[in-house]
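Reading through the structure tokens given below for one structure.
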Amino acid sequence: MKPAPFAYHAPRALDETLGLLARHGDEAKILAGGQSLVPLLNFRLARPAVVVDINRMSGLGEIREEDRQIAVGALVRQRRLEVWAQQGFPLLADALRYVGHHAIRTRGTVAGSLAHADPAAELPALLVCLEGSVVARSPAGHREVRARELFVSHLTTSLRPDELITEVRLPRLHTGAGWGFLEVARRHGDFALVGAAAVVSLADGRIAEPRVALFGCGATPVRASRAEAILAGQPPTPEAVVAAARDAAGALAPESDLHATAEYRRRVAQTLMVRALGLAIGRARGNGP
Ligand SMILES: Cc1cc2nc3c(=O)[nH]c(=O)nc-3n(C[C@H](O)[C@H](O)[C@H](O)COP(=O)(O)OP(=O)(O)OC[C@H]3O[C@@H](n4cnc5c(N)ncnc54)[C@H](O)[C@@H]3O)c2cc1C
């Protein structure tokens, strides 16, 4: 199918873009990499009156390194960040290689994936696990939206129609922290059936600051906060990890669909959480892969 008719704008300046979004509100859609929006347009699942293509805008294509975080401009493609991250942000590189296929990542943007908010997508889960944020701009100014406030439901964020994500902020891991990122999909490049991201530090031989996000098993990425509380301060034993993962899986409310039953998702989430935490603990000890 072909898209329903729409007016197309390709502004170059931020003021112009924000003006268009403010003027057209709900009727407008931002086009970044197009890897999610264009299929929705073609299937007529989205019928915006106006498409605002941000690809000609300047100043949104940078990856900026700051002391405690990296700032990723709205037009940074997933593949570019993946290559960049191989030098010093392996958790990010691990997560990005699961996103679609190479061709999709060369076009799809990091910000676009977060704005699209697919609950089975890797980058929203990563943002939740790292406690990252996005910067949203509108004619009223700008605000920082933390991951836990950004994802509201399936394909729904707390961004207003007049807001453009200009930057994604990804906190760096603490020195010595370990990480694990795993998912199960039917084929490489497919959206995850279920996935798990984990970050762990060790202090005096005990687990410190554990963070776990599960995806593909709820309407948004799920932060396993209660399981984190169970783990914090414990020796990093398999028993502690399994107990925390069992608790996290029990608290999930996944849905059954064509691809997997709720029970399957819950069980896979538990297994992946155990494995991701195992990887994270091994890396924090300095003897992981
Ligand atoms: C075959 C296929 C397989 C895929 N597999 C995966 C996968 O395994 N995992 C995965 O995570 N993704 C997957 N994707 C989706 C891909 O990662 C998309 O690139 C991503 O979801 C959207 O990024 P985009 O830049 O293409 O955004 P677009 O498609 O241009 O836009 C997506 C949505 O975000 C909004 N938006 C975009 N940029 C901004 C912004 N700066 N501010 C506010 N709103 C914005 C748009 O208005 C639209 O609603 C797949 C896509 C395809 C076609």
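Calculate the dipole size of the chain relative to its Cα centre from +1 charges on Lys and Arg beta carbons and -1 charges on Asp and Glu beta carbons; express the result in debye to the nearest 20.
500
With a 1.4 Å probe and all protein chains kept in place, how much accessible area does GLU82 have, in Å² rounded to the nearest 10?
10
Give me the distance in nm between label points sitting 7 Å out from Cα along the Cα-to-Cβ direction at ALA22 and ARG206, one decimal.
Computed distance between label sites ALA22 and ARG206 equals 5.3 nm.
Tell me the carbon and sulfur percent of the accessible area for the chain, rounded to whole percent, probe radius 1.4 Å.
It is 50 percent, rounded to a whole number.
For the residue pair GLU131 and ASN42, what label-to-label distance in nm results when each label sits 7 Å from Cα along the Cα-to-beta-carbon direction?
4.1
I need the calculated FRET efficiency for the pair GLU66 and MET1, taking r as the beta carbon distance and R₀ as 51 Å, to the nearest 0.05.
0.70
Could you compute the FRET efficiency for ALA103 and HIS154, with r as their C-beta to C-beta distance and R0 at 41 Å, rounded to 0.05? Please report the intermediate quantities before stating the final value.
On the way: r = 26 Å, r/R0 = 0.62.
In this case the efficiency is close to 0.95.
Only bridges with both residues in the chain count here: give the DSSP antiparallel percent, nearest 5.
85
Report the one residue of LEU40, HIS174, PRO236 whose Cα lies farthest in the direction of the positive end of the charge dipole of the chain (charges on C-beta: Lys and Arg +1, Asp and Glu -1; origin at the Cα centre).
Farthest along the dipole direction, towards plus: LEU40.
In square nanometres, what is one fourth of the surface area of the convex hull spanned by the alpha carbons of region 63-171?
6.4
Give, rounded to the nearest 20 debye, the magnitude of the charge dipole that region 7-53 has about its Cα centre when Lys and Arg contribute +1 at Cβ and Asp and Glu contribute -1 at Cβ.
Magnitude of the dipole: close to 180 debye.
Would you mind getting the accessible area per residue of region 70-123, heavy atoms of the protein chains only, 1.4 Å probe, in Å²?
Spelled out: the 1.4 Å probe surface of region 70-123, per residue, equals 33 Å².
Once you have the Kirkwood Rh of region 7-53 from its Cα pairs, apply Stokes-Einstein at 4 °C and 1.567 mPa s and quote D in µm²/s.
Estimated via Stokes-Einstein, D reaches 119 µm²/s.
Any chance you could list P(r) for region 178-285, counting all Cα-Cα pairs in 10 angstrom bins from zero, rounded to whole %?
In order of increasing distance, the bins hold 17, 50, 26, 7, 0 percent.
With every protein chain kept in place and ligands, DNA and RNA left out, what is the accessible area per residue of region 178-285? Probe 1.4 Å, answer in Å².
45
Explain nothing, just the number: dipole magnitude of region 178-285 about its Cα centre with +1 on each Lys and Arg Cβ and -1 on each Asp and Glu Cβ, in debye rounded to the nearest 20.
Details: 13 positive and 10 negative charges, 35 e Å.
Computed about the Cα centre, the dipole is about 160 debye.
When all C-alpha to C-alpha distances in the chain are sorted into bins of 5 Å, what percent of pairs does each bin hold, rounded to whole numbers?
1, 6, 12, 17, 18, 16, 13, 8, 5, 3, 1, 0, 0
The values are calculated or read from the model by the stated rules, or taken from the named source; none is laboratory data. No experiment lies behind these values; they were computed from the predicted model shown. For neighbour counting, all protein chains shown are included, and Cβ atoms are generated from backbone atoms with ideal geometry for every residue, glycine included. Side chains are part of the model used for accessible areas, which takes the heavy atoms of the whole protein and leaves out ligands, DNA and RNA. Shrake-Rupley method; radii C 1.70, N 1.55, O 1.52, S 1.80 Å.
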